[in-house]
Each structure stands twice: as structure tokens, then as C-alpha cells.
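See below for the structure under consideration.
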Amino acid sequence: MATTHFRACVLAKVVRRTDRMLVTMGEMDASEAEWQLDAGSVAALEWARRFGGAATEITVLSWAPPEQEGLLRQLLAQGAHRLIRITTPLGAEEAADPLVVADGLVQGIRVAGAEAVFCGSRSSDEGRGATGPMVAALLGWPFVEAEAAGGTQTGAAAVTGPAVVSVDPLGPKPGKPNFMAVSRAFKAPVESLEVQVRRPQVQYTGIIPGTERGRGREVLAGTALDEALSLLLVRLRERRVF
Amino acid sequence: MDFTIPQEYEILRKMVHDFVVERLDPISQKVEEEDEIPPEIIKEMAELGFFGLPFPEEYGGGAVSKLGYALFLEELGASSACFSNLIAPHVSLATSSVFIGGTEAQKQKYLPPMCAGEKLGAFALTEPNAGSDAANIETRAEKKGDKWILNGTKNWITNGSIADVVIVYALTDKNLRARGGITAFIVEKGFPGFRVGTVDVKMGLRGSHTAQLLFENCEVPEENVLGEVGMGFLTAMKVLDGGRIGLAAGAVGGAQRLLELSIQWANTRVQFGQPIANNQAIQWMLADMAMEIEAARLMTYKTAWKYDQGLKITRDAAMVKAFASEMACHVADKAVQIHGGIGYMREYPIERAYRDTRILKIYEGTNEIQRMIIARDLLKVGH
């Protein structure tokens, strides 16, 4: 990848702090838990900063609601240059569909003109790791998983063209910003991009019990519909089904 | 009324809180023993922007409002007082003097390195015979050619022994004094005739240095007259108004920390078979501490807010300075009482806080002077 005027996107997510959730009658209650940037998003920013060099223009893309904008601005303070919040006229439930999420992000990536996309390998709330592969599939770009090894990450160095790189949330993070950077970040404009996304028309017919599964483990390993769908989409894309 | 703290300031608060917990608290006892803040900690503070928070970006500052600055000092005040005592006189007094009273050329020259923490500032007003009666200073400045010659002694100047830039207030017309006879000068370390005298040994605030500064035919270039000749007293009073908010904020932060330590201790210290927190006598002390802290906090935030609106704050600043400093002393006293014997021991931070807190009622204008300011304003305004 080029080292000058390189444009990268970081896919950012805001999640509830899982270590502060209340347990009520045996159920996790997240409603009172504090919001924070997902660790994978912060690690992805550091990857983007290191990968493209000093001339990299980094755009943060996020589906986070306006009230979480302040958290996203921390990424501006830590080295990102632009922040685009994705919105949709769809209702919250539909907008949470993994394919809708990925589709919206892809539209943001195209607006940003990014040559590479960095995201956490999995978020601390959902933990499915579906977004990166789906975004790669929709863009038709390779999907690369980077792993932390001794404080540095490896895996994407061999990528020479556009790619979606998923990084370990436990990997290196950007240094703490100073107050001036925070102050500037809170004065910077935040762009809003309303995207038109189509909900996938998929009929759910059930999950094949594990004992009856044959080959195709990757697709059928998921126990949740959206996980299975996301894997399916990636594989179909790889096999050029569509 | 909206009491919501802007998200930007919540983030700043968390940054300071994390720094206090991760970097300052672990070394507080060492600083107390060695009477020195490690240089690497000062460097880290500078990198984070501690030294220039409330000044505009064009001068290298953080462009944070007075409320944001108060929140910052509240968090910093939770640690050993020496840390805020390094920052606040530099920011609230010395750098603010340049910002409030300086010419554009002086701001361009001095503010960027001061905001970056590359040049540390001190504010030199107090003298052996002029403490509360600041208009009665005896340090004189006389114009000779293109220089001003300063002669006199300044006492108990915080950061005085380590400062690179000292804002010195001197008499330029003994007949006018406060009404145009006092001028502020920017004196740099190394100016001929300027030297540090005795470094004071204090009751508390170890790690923070106050010193006597001596001016013996000290030569100051004409361009280092801060602003205009004769405007020094006005600049000093404006600076001190703003500075009192910072002092109050630090007092609130320190008292809050003592309350938290007292609650922890009350819940864990068992006497007569139960935690002492079960005793009403302890509960009432905790409640009194919390009430006073909250009142001081709200006064601090309101005064900072008024400052940010450009409203006159002289009475408010005097009230919050006096109230918050007295609150901090009450809270420190109760914290020692709740902790009992261990609260009196050197190895525990309560004893240190008790000593450190006492100065709050004295410096940046004694509380008696604050009451004079409040009463004068009340009698003038009528309510």
C-alpha cells in the first residue's frame, strides 16, 4: 500500500461496559452500564495510524447514535482526521441487522474513498466478528485477520491492494491524547451520512443439529441466524455466487 | 438550569482522574519524603497539556473554559496538593497575568512556551511588609534609559525557585500606588540582578517550593513591562479573581478524596464487633462532610460559569475561595477524627492532607480579606 496520501477508514463501535453491568435476578442488565468505545475500534485506529504512515488520512465511520458522538470524538483526539456518523431511516431493529450495518459502512467507505479499512475482530458486546468479513465481501476486497504478537500485529503486511483488516482488540492502542487534542476534537465537525440500505430477503428455516452437520462447518457453526447469514454471505461472495 | 457537564469535560476529567490514579498517587509518599516532584512526571503533565489548559489554541493552549479548568483542578486536587500547587500558580497566576495584561507581542513570545510547560511561571506580588495589603508593596522600578531597574524582595513565591518566568509587581509611582502606580514586569531567570533567596521550609505542601526572590538593580528591558505602565494592580486583581476559582476547585477535589477515604475506613474499621460506619456519630460526620463539599462544588461551578459568561465575579470568587477553603479544613479535621490514630500517622495520606489543607485559608488572599471584599460589595450593591 502507498505510504503517502493514503486513505483509510476505521469502523468504530460504541458498547456498554461489560465489567460494570448489574446482574438482576440472574440476568445481565446493561441499561445502566456506562458507554465506551469498543476496544477493537481503538486498536483499529492504531493499526490505521501505523500502517499507512504519517500521511494517512483516517476517517472514522460509525453507526453510533448522536448522543455517543463525544466518545467517537476521542478517536479524532487520538489521530483520526474525519468522523462520519452513518444514519438510516430504518427503525432501530432493522438497522441493527448485520447486513444493514455492513451495507451502510460500505457506503461510508466509498464516500471516504478509503484504500483500506480497519476494524476490531469482534466487539465486546455482540462478539460475533461479522462486520469485517461482510464489509469485505460487499466491497469485494480481501479480508485479512491481523493477530497481536508480542505487542505488534502481523498479518496484513503482505497486503498490497485494498483490504479489510480486522485487528485484535487486545493489540496496541494509540497513546493518550493531550488536552489540546481533545479540545480540538470537540470543535471539529462531525459529518452525517444517511444511507439507503435494503433489508435482505432471507427466509429462516431452522438450524441443522450438530450431529447431522456434514461439510460446510463454517456456515453452519453459528447458532444465531444473523451469524450464520453473515458467514454464508462471505462464502457465497468468495465462490462468486453473486 | 442544566447541571450536565459537557461530554468534552467529562473526558478531560477522566483523563486527569486516570493520571492521578496511575501516575501521581503511587509517588505521592515519595514526593512527600523527598520534597521533590520527579522531572519525568512534570514532563508527562506538560505533554498532557496541564500547563496551558485555559488559554486559546493560537497560543498553544487547550481553549478550555473556566468551568473546564475548574473540573480539571478538582480532579487534580484529589491527589497530593503539591501537584496542583505546581500547576495552578503557573496557569492561574503567572500565565494568566501575561494573557490578561500582556501585549500581543508578549503573548506571542511567552504564552506558547508557558502553555507547553517549557517555561514555568511564578507570580510575585507578596512582600515582607505587603501580604494582604498588596497595594503597599515596596519593590520599586525606575526607568533608566531603555531599561527598568527593579529593587526589592518578594516573599513566599510559589514556584519561585524553579520558575523560568516571574511576573513581578513593582511600584512605579509611589503617589498613585493601586491607582496607577503599580506596574507588572516579566522577569526571566538569568536577568542581571535577579536571584533566588531562601527556599522556605513549610508546614505542608512538600514537593511544592516557595522561595524568596531578590531584585538587586535587576535590569528589565522596556519590552518586558507587562502591558502598560501603571496597570499592574488592575491586572493582579483580575488575575486573582480568576485564581480563586481554581483554588476552590482544588479544595473540593481534595475534600472529596478525604470523604471517599473516610467512607472506606468507616466501612472496614471494626470496633465493638461492627464497622464504625454503623455508629451515628460517624455517619453524621460523613454527612456533614458531603453536604459542605457539595455546597462548595456548586459555588465553584457557578462562579466558573459566571466567569465564562463574562459576568463580574469579584464577590463570588471571594465567597467561594473563603467557603471552599474552610470547608476543606473542616473535612480534613473530620477525616482525621474518623480515621482515629491512623489518621495522625505520617504513612497515611490523611495526615498529609490535614497539613496541606491549612494553607488554603491563607494564600491567594486570606479569608479575612475575602470577607472584606464580600462585605464591601454587599454594602455597595445593597444585597
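Values in this text are rule-based calculations from the coordinates and carry no lab data. Because the structure is predicted, anything quoted here is derived from the model rather than measured. Note: ideal-geometry Cβ built from the backbone for every residue, glycine included; neighbour counts use all protein chains shown.
Remarks
- Rounded, prolate or oblate (a/c below 1.5 giving rounded, otherwise prolate when a/b exceeds b/c) for the stretch A:64-114 by Cα gyration tensor: oblate
- Only Lys, Arg (+1) and Asp, Glu (-1) charged, at Cβ; the protein assembly as shown dipole about Cα centre in debye: 600
- D by Stokes-Einstein for the stretch B:1-150, Kirkwood Rh over Cα pairs, 4 °C, 1.567 mPa s: 76 µm²/s.
- Shape index of the protein assembly as shown: Rg/Rh, with Rg the Cα radius of gyration and Rh the Kirkwood radius from the inverse mean 1/r over Cα pairs, equals 1.07.
- In this structure, the amide hydrogen of residue B:227, modeled 1.01 Å from its nitrogen in the peptide plane, lies closer than 5 angstrom to those of B:103, counting only residues at least 5 positions away or on a different chain.
- Here's the picture: charge each Lys and Arg Cβ at +1 and each Asp and Glu Cβ at -1 in the protein assembly as shown, and of A:195, A:15, B:87 the one pushed furthest to the positive end of that dipole is A:195.
- Each principal axis of the Cα atoms in the stretch B:170-302 has its own extent, and those three values, largest first, are 71, 34, 23 angstrom.
- For the pair residue A:94 and residue B:366, label points projected 7 Å from Cα toward Cβ lie 7.4 nm apart.
- Förster-model FRET efficiency, 41 Å R0, residue B:294 and residue A:27, C-beta, rounded to 0.05: 0.75
- Ordered by the count of other Cβ atoms within 10 Å of each Cβ, fewest first, B:225, B:381, A:100 give B:381, A:100, B:225.
- Extension reserve of the residue B:195-residue B:109 stretch, reckoned as 0.36 nm per residue once the Cα distance is removed: 28.7 nm
- Here's the picture: a label point sits 7 Å out from the Cα of residue B:35 along the beta-carbon direction, and within the stretch B:178-216 the residues with their amide nitrogen under 11 Å of it are B:199-204, B:206-210.
- Taking the fewest neighbouring Cβ atoms within 10 Å as the starting point, the ordered list for B:325, A:123 is A:123, B:325.
- Loop-resident sites, the stretch B:338-383, for GluC sites (Glu not before Pro), counting at most 16 other Cβ within 10 Å (DSSP): B:347
- Using the Karplus relation 6.51 cos²θ - 1.76 cosθ + 1.60 with θ = phi - 60°, the per-residue 3J(HN,Hα) values for the stretch B:4-20 come to 5, 7, x, 4, 4, 6, 4, 5, 4, 4, 5, 4, 5, 4, 4, 5, 4 Hz, with x marking Gly and Pro.
- Per-residue shielding of A:170-180, expressed as the average number of other chain Cβ atoms within 10 Å of the residue Cβ, stands at 5.
- When B:238, B:361 are arranged by Cβ crowding within 10 Å, least crowded first, meaning fewest neighbours, the order is B:238, B:361.
- Here residue B:147 and residue A:176 are evaluated by their C-beta separation; at R0 = 41 Å the FRET efficiency comes out at 0.35.
- Placing dummy labels 7 Å off each Cα toward the beta-carbon, the span from residue B:5 to residue B:264 is 1.9 nm.
- Prolate/oblate/rounded label for the stretch B:121-229 (Cα gyration tensor, a/c 1.5): oblate
- Checking the Cα-Cα distances for A:187/B:238; B:14/B:66; A:176/B:334; B:30/B:189; B:334/B:380; B:107/B:238 against a 26 Å cut-off, the pairs over it are A:187/B:238; A:176/B:334; B:30/B:189; B:334/B:380.
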